[in-house]
Amino acid sequence: MSAGSGDKRLKPRSLVPQPVAVVADWDADGATSAAMIYYAQYYRKMFPLKGRHEVVLEPAGPRSFPDTVAGILSQGQCPEALAVLDIPFTPKVYEALAEYARLCPGSRIIYVDHHFSTLYNSKRLYELTEEVFLGHKPAAILTFQLLRSLGVRHLTPRLTAFMKAVGVLERSGKPITEAEARVVKLAASISKASTVLRDKELWRKLVRWLASPLPQDAPIDLTTVERVVQVAEKSDKEIMEKARDLAFSARRLGYIKFIDARRRWRGRGASALASKLYKVLRQPVALLVQRDDGALLLIIRSRGRGAYRVAVGLMKEGIAENMGGHGGLAVVKLREDVDMARLEQALRRLSLRL
């Protein structure tokens, strides 16, 4: 991994110990997880390091993660700890972490995640650090469980409320009270706005606001949030209409409804389409689509961990090249030479794991 372009690689001897760096996803789960680490370090002075330390906050996704880490190192200083939160494992993410570990051998690496690709490749992460905390729960809940085990047993009311809201959003649960429902709606709206706007400074303000024990107004313009949500809702309705149309072509393969949409769906939104099909059909679904670059994706949607078990089965049988997703949704990239008859047979057999 290079910090800039070409052959300008960082040298370990140019790096000196510095503060804590937190890299987390843009959405509500990532921001809430980052806020927990910020709270534990900045306000409680307990984790990842004891005492007062500066905290550097950086939003990222799996594609931008290598550049984000390179940007942190380009300052010529090694953080004393790097917390990676809600970032799914990819080969590029692993390469960036391996380079970071080489350049900063004295820095602690903490990795908290719940994505399927991360769970499946956990052994490779343990090659870099023993501080890997994974599970099927949202990253915010995993982060809280980690902090609680280290003695940070209580969060601020605002941070606690958002953690619970993330649990509802990520796992399709239902809020118990009207007050919780309002927080869930706010968290969902802010999450959509943050993911769409990709404003780094706004994300940092949001994380600090979530972590702060002081009463403060949200640092994001709610008018902007509302506009983003309206656009998202319009897109959501269009996807639902497409799902109702595709539902008629569903074929039963064991306990899975299989929909081949290679000629009827292109571009982004396939995961959302699979979720809508699941809602329409009220049964586990496997949606086959083809990306613009020709790659075949199979999106599996089910209750619980069934989608993960089916995806792992496809990986082990050599039908899938890699996998992603979390919760009840798995995104599987199929091998280029996959045989459709073999795929259908495998799905029929693996549906018993749902």
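The values are calculated or read from the model by the stated rules, or taken from the named source; none is laboratory data. Please read these numbers as outputs of a predicted model, since none were measured by experiment. Here the Cβ is made from the backbone with ideal geometry for all residues, glycine too, and neighbour counts use every protein chain on show.
Descriptive notes on the structure:
- The residues listed here are PHE116, PHE89, PHE144; of these, the one that is in contact with a strand residue (DSSP E or B) (Cβ under 6 Å, 6 or more places away or on another chain) and among the aromatic types (Phe, Trp, Tyr) is PHE116.
- Tally, over segment 108-127, of residues that are in contact (Cβ under 8 Å) with a residue 60 or more places away in the chain and either touching a helix residue (DSSP H, G or I) at 6+ places or on another chain (Cβ under 9 Å) or not in a strand (DSSP E or B) (or both): 8
- Residue check, LEU97 closer than 21 Å to GLU127 by Cβ, assigned by TED's automatic domain parsing to the domain that holds LYS137, surrounded by 17 or more Cβ atoms within 10 Å (Cβ to Cβ) and at pLDDT below 95: no
- Qualifying residue in segment 140-156 (condition: touching a Pro at 6+ places or on another chain (Cβ under 9 Å), closer than 19 Å to ASP113 by Cα and touching a residue at least 60 places away in the same chain (Cβ under 8 Å)): no
- Count - residues of segment 63-74 that are free of Cβ contacts under 8 Å to residues at least 12 places away in the same chain and in a loop (DSSP other than H, G, I, E, B): 1
- Filter result for GLY304 (on the phi > 0 side of the Ramachandran plot and surrounded by fewer than 22 Cβ atoms within 10 Å (Cβ to Cβ)): yes
- Of everything listed in (1) over 30 Å from LEU314 (Cα atoms); (2) of a type in the set (A, V, I, L, M, F, W, C); (3) surrounded by 20 or more Cβ atoms within 10 Å (Cβ to Cβ), the single unmet condition for ILE110 is (1).
- Only one of VAL280, VAL285, VAL228, VAL207 that is modelled with pLDDT under 90 and in contact with a helix residue (DSSP H, G or I) (Cβ under 6 Å, 6 or more places away or on another chain): VAL228
- The condition (being touching a strand residue (DSSP E or B) at 6+ places or on another chain (Cβ under 6 Å) and crowded, with 21+ Cβ neighbours inside 10 Å) is satisfied by just one residue among LEU350, LEU343, LEU298, LEU334: LEU298.
- Among all residues of segment 128-137, there is none that is buried (at least 22 other Cβ atoms within 10 Å of the Cβ) and either touching a strand residue (DSSP E or B) at 6+ places or on another chain (Cβ under 6 Å) or not in a helix (DSSP H, G or I) (or both).
- Which numbered condition LEU146 fails, given (1) at pLDDT below 95; (2) over 15 Å from VAL22 (Cα atoms); (3) aliphatic (A, V, I, L, M): (1)
- Selected residue (only one of ILE87, ILE110 is in the same structural domain as VAL22 (by TED's automatic domain parsing) and either within 13 Å of the chain's Cα centre (by Cα) or among the basic types (Lys, Arg) (or both)): ILE87
- Only one of GLN18, GLN41, GLN75 that is modelled with pLDDT of 90 or more, outside the structural domain of VAL332 (by TED's automatic domain parsing), farther than 19 Å from LEU202 by Cβ and not small (Gly, Ala, Ser): GLN41
- Exclusive hit being of a type in the set (A, V, I, L, M, F, W, C) and surrounded by fewer than 23 Cβ atoms within 10 Å (Cβ to Cβ), set ALA83, ALA70: ALA70
- For TYR42: the one exception among (1) buried (at least 24 other Cβ atoms within 10 Å of the Cβ); (2) in a helix (DSSP H, G or I); (3) of a type outside the set (Val, Ile, Thr): (1)
- Number of positions in segment 328-343 that are basic (Lys, Arg) and not in a strand (DSSP E or B): 2
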